[in-house]
Amino acid sequence: MTQTVQESNQEAKQEQALAGVKVLELGSLIAGPYASALLAQFGADVVKIEAPKGGDPLRSWRKLHEGTSLWWYAQSRNKKSVTLDLKSPEAQEIVRKLAAEADVVIENFRPGTLEKWGLGWEQLSAVNPKLIMLRVSGYGQTGPFSHRPGFAAIAECMGGLRYVTGYQDRAPVRVGVSLGDTLASLYGVIGVLMALHHLKANGGKGQFIDVALSEAVLAVMESLIPEYAMTGHVRERTGAALPGIVPSNTYLCGDGRYVVIAGNGDGIFKRLMAAMGRQDLADNPELEHNDGRVRHTEMLDGAIQEWAGRHDLETILGVLETASVPCGRIYTAEDIYNDAHFRAREMIQRFQLPDGKPIDLPGIVPKLSATPGKTAWLGPKLGEHTKEVLESIGVTPEQLMKLREAGLA
């Protein structure tokens, strides 16, 4: 069912987990804005500052509808758009007033940029000692690389992700989404929530949170570093397989589609072999535990591939689901969109664009039982809330008119 912004706004009046938390967003594109997007989805009052001319470049990224990015509608839902030229002293003074009333400021400029404008941590915390400031950058606020511009593609390389992605006989490949950005955003949100808890529960004071894209990537690289430090082992690209954990791979079905089978638990392995009609392998004592199966990786992958190649994908999925063996198709956007489970979990939600056209967005994660997240409105028009927000901090209509005439708002 299509949900209008008005209907969604009515729902949003219910208490939410972050209701009352004021967030000021200074930044653009993904790493900072995605962090504030997550807070906005759970009730935080997010004011996004955009340049008067053009706004956030994300507004024109990828697929557009009537000149506005579909991505924008999703990532900027529940935010208020205020236009200000941060390079101007007049706008900087307004930002300081907004920060004085904010709980959280989120920014993803290159380190030193906000300091140059008089809006750095020292300046803003001086007017609001309880302020929490999330600072997301390519390499962090300190260190020899801190001055460099940073993007997810480079961070994914530096953090080790790019090197282990793909096949060993080809160049490393990109994951397919800007994972470095979103990982940094997630770590940033965790930091904000911890800092808010410290303020409330421990009587602490404000602090800034320094998140580097490269470090956010490195933090999820599992045993990459201890394996090298202890043994000199360098993890390599292994394609679709999960080396050292067997069997876990992608197999070509008889109908030309692919199935992922994760039969790597000892009991699961036995059920997988029985479902394939290979009781001989299920009963082989040498294959009873993972270390033994690792020694026979090639043989086991060959046996599973031979079986998969004789059946179509749907048949394989049916057989393995009956046997309680973890398996799955490789979903395209179309598969996700039509999937009954995602639909039942409300992970595809329909809303209405300003021109009345329907738009489907991903649902909100995580799902809280008492204070769930909501989409109150879609990504706003550029400057849609400038008057409302600036008047709330004492900017008069005459002052706003002068700012607009000067191209500063």
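Restricted to region 218-267, and to residues there that are of a type in the set (Lys, Arg) and open to solvent by 50 Å² or more (accessible area, probe 1.4 Å), the residue that is nearest to Ala184 (Cα to Cα) is Arg235.
So that you can scan it fast, the table gives a plain yes or no per residue for (1) open to solvent by 50 Å² or more (accessible area, probe 1.4 Å); (2) not in a strand (DSSP E or B):
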{"residue": "Glu25", "(1), (2)": "no, no"}
{"residue": "Pro33", "(1), (2)": "no, yes"}
{"residue": "Ser36", "(1), (2)": "no, yes"}
{"residue": "Gly55", "(1), (2)": "no, yes"}
{"residue": "Ala74", "(1), (2)": "no, yes"}
{"residue": "Ile94", "(1), (2)": "no, yes"}
{"residue": "Ile106", "(1), (2)": "no, no"}
{"residue": "Phe109", "(1), (2)": "yes, yes"}
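Part of a loop (DSSP other than H, G, I, E, B), β-branched (Val, Ile, Thr), in contact with a Lys or Arg (Cβ under 6 Å, 6 or more places away or on another chain) and modelled with pLDDT of 95 or more: is that true of Val234 in this structure? No; evaluated as a whole, the condition is false for this residue.
Residue-wise test of (1) crowded, with 17+ Cβ neighbours inside 10 Å; (2) modelled with pLDDT of 95 or more; (3) under 25 Å from Thr83 (Cα atoms).
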site	(1), (2), (3)
Phe351	yes, yes, no
Pro354	no, no, yes
Lys367	no, yes, no
Lys381	no, yes, yes
Lys387	no, yes, yes
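When the criteria are applied in full, Val82 fails the requirement of being at pLDDT 95 or above, under 30 Å from Glu156 (Cβ atoms), open to solvent by less than 10 Å² (accessible area, probe 1.4 Å) and touching a helix residue (DSSP H, G or I) at 6+ places or on another chain (Cβ under 6 Å).
One residue stands out in region 172-198 among those that are at negative phi and outside any helix (DSSP H, G or I): the one that is least open to solvent (accessible area, probe 1.4 Å), namely Ser178. Just one of the listed residues (Pro149, Pro144) is under 14 Å from Ser214 (Cα atoms), free of Cβ contacts under 8 Å to residues at least 12 places away in the same chain and either assigned to a helix (DSSP H, G or I) or open to solvent by 60 Å² or more (accessible area, probe 1.4 Å) (or both), and it is Pro144. Among strands (runs of 3 or more DSSP E) entirely within region 253-355, having at least 3 residues that are farther than 30 Å from Leu368 by Cα singles out 258-262.
The values are calculated or read from the model by the stated rules, or taken from the named source; none is laboratory data. Here the structure is a predicted model, which means the values were calculated and not measured. Cβ: placed from backbone, ideal geometry, glycine included. Neighbour counts: every protein chain shown. Side chains included, ligands, DNA and RNA excluded: accessible areas come from the protein's heavy atoms. Shrake-Rupley method; radii C 1.70, N 1.55, O 1.52, S 1.80 Å.
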